[in-house]
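Worksheet: one structure, shown below.
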Amino acid sequence: MSKMHELKAATDILNIALEACEKEGEDAYITDIFLVIGELSSYLDDSLGMYFAEIARDTKAENAKLHFKRIPARFFCEKCNRHYDKRGSNFSCNTCGEIGKLDRTSAKEFYVEEVRTIVK
């Protein structure tokens, strides 16, 4: 993933958070930002955190903590005829042990779920 891609994502997160904070009034500051990131989205927590910390400096999000919720990749087992979530590095069906087919529409999420603020 390119640096510009990660920087753009961090900038988008900051802009969404600042917009939410603005609605709380001029004395509000951002304390926490909750992100949902799909396992197949290719965003790295550390990288996003590093870029976010850099661009949030001297803003109302400067001391905000990023929280990452990872959505696992989903697979379909043809033997069991059911979907299942990947567990760690295990791609096998939870029921029969067969390796299913990747659901290519799953785990690509990337969005801000919640922004928490405090008024000082």
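A few points about this structure:
- Long-range neighbours under 8 Å by Cβ, at least six apart or interchain, first residue closer than 19 Å to A17 by Cβ within region 31-48, second at pLDDT 95 or above and among the acidic types (D, E): D32/E114; I33/E114; F34/E113; F34/E114; L35/E113; V36/E113
- Residues being assigned to a loop (DSSP other than H, G, I, E, B) and crowded, with 16+ Cβ neighbours inside 10 Å - total across region 104-120: 3
The values are calculated or read from the model by the stated rules, or taken from the named source; none is laboratory data. If you're wondering where the values come from, they're calculated on a predicted model, not measured in any experiment. A quick note on method: Cβ atoms are made from the backbone with ideal geometry, for glycine too, and the neighbour counts reach across all protein chains shown.
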